[in-house]
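Only one structure is covered here, and it is reproduced in the block below.
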Amino acid sequence: MDDTSRGLHALTGRVGSRSITMLISGVATLGLLLIMMLTPVPYAIQGAGPTFDTLGEVSDTELITISGAETYPTDGQLRLTTVTTAGGPGFPVDTGSVVRGWVDPGRRVLPVEGVIDPEVTEQEQEQIAAQQMISSQENATVAALTSLGYEVPAELEVVGADPTMGADGVVAEGDVVTAISSAGARTEVTTYQALANVLDETPAGSIVTLEVLRDGEETELDVVTTDDGAGMSVLGIYLDAEFEYPVDVQIQIDNVGGPSAGTMFALGIVDLLTEGELTGGHVVAGTGTISLEGTVGPIGGITLKMFAAERDGAEFFLAPSGNCGEVSGAVPDGLQVIAISTLEEARDAVESIADGDTADLPAC
């Protein structure tokens, strides 16, 4: 073998060894990257979920059905909005999903503990969400019927008290509230609204007298009311209400949990029980919890819900006033956001939309 041949053989040997080494290193690096991308990480990913028309059908089943009262044809849509969440027990996310979430405007990435309690199991999460949905539907039904002038009789049983408020140590679990006296005026509590109306007219820090049935005996209890932070007077008691509905309202929706659909459920019930087309044919989406007395509360994930609303054709979006700080600067093009704090305001806004008179509606 001449010198040239020996040199080429040595060079080939060096190049071949280097190539093999680089190939092995590349494969190893790729393997590590794949492992990293598929390894569960302590983040949660929220996405813009599906929206549902409360006036329409879900899987060929009407979302809201009403019997015991006349209902009326509707037009347009009242769409409730949802957020999907992955992360935490039972729903782990990997690095690849997190990276995609960072660049997708329809998703957001958060530390898992900021979205889901890591100590709560998957089954417990599902149970909590299901119970919140049941309560939301119940609140929506009571609020809607009450706003339409129906009386919804209720038995209000005490199940606990806020330890920071005046009722703590005064009421007892199992007490059934029958009447309330404020400023010398006595009101029988036959509906939840009757109790709420008295408290609405009572300044925070006042002493009210509750009449309760305790172990079958009539008992009077003096309670100091507390400011709820919004200027409203509250007792600080937790109630389990057994309602006697004058109209049978059924809401059917699967695989959706949580309390945030309450306002749109209530509007759907109002529309079905009111002659005429509430929306005027427009597509209106929204969100917000609803209390028994019709107060709209803030929710999580509102920027994603606005994204979902615009994606599914909504022209207007009803947002809880308590979420306006998050809404500002995040409204998708083509969507008008209207701030609401009560069911009455929500209905007024939808009627203004139907009339084409939206210029003066409050915005976030």
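The values are calculated or read from the model by the stated rules, or taken from the named source; none is laboratory data. Everything quoted here is computed from the prediction, not taken from an experiment. Every residue, glycine among them, receives a Cβ derived from its backbone with ideal geometry; neighbour counts consider all protein chains shown.
I251 falls short on exactly one of the conditions (1) closer than 22 Å to T82 by Cα; (2) not assigned by TED's automatic domain parsing to the domain that holds Q336, and that condition is (2).
Condition test on N323, is it crowded, with 21+ Cβ neighbours inside 10 Å and free of Cβ contacts under 8 Å to residues at least 60 places away in the same chain? Yes, satisfied.
Scanning the range 120-149 for residues that are surrounded by fewer than 17 Cβ atoms within 10 Å (Cβ to Cβ) and closer than 21 Å to V198 by Cα gives L148, G149.
Would you check if there is a residue in the range 333-345 being under 30 Å from I45 (Cβ atoms) and either in contact with a Lys or Arg (Cβ under 8 Å, 6 or more places away or on another chain) or of a type in the set (F, W, Y) (or both)? Can you show your working first?
The initial filter retains those residues of the range 333-345 that are under 30 Å from I45 (Cβ atoms), namely 333-340.
Narrowing the set further to residues that are either in contact with a Lys or Arg (Cβ under 8 Å, 6 or more places away or on another chain) or of a type in the set (F, W, Y) (or both) leaves none.
No, the range 333-345 contains no residue that is under 30 Å from I45 (Cβ atoms) and either in contact with a Lys or Arg (Cβ under 8 Å, 6 or more places away or on another chain) or of a type in the set (F, W, Y) (or both).
Per-residue answers, yes or no, for (1) touching a Ser or Thr at 6+ places or on another chain (Cβ under 8 Å); (2) among the small types (G, A, S); (3) closer than 16 Å to Q77 by Cβ; (4) free of Cβ contacts under 8 Å to residues at least 40 places away in the same chain:
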residue: Q252; (1), (2), (3), (4): yes, no, no, no
residue: G268; (1), (2), (3), (4): yes, yes, yes, no
residue: T289; (1), (2), (3), (4): yes, no, no, no
residue: I302; (1), (2), (3), (4): yes, no, no, yes
residue: E315; (1), (2), (3), (4): no, no, yes, yes
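Looking across G229, G258, one residue alone is small (G, A, S) and surrounded by fewer than 16 Cβ atoms within 10 Å (Cβ to Cβ). It is G229. Of the candidates E293, E277, the single residue that is in the same structural domain as P320 (by TED's automatic domain parsing), over 25 Å from P73 (Cα atoms) and not in a helix (DSSP H, G or I) is E293.
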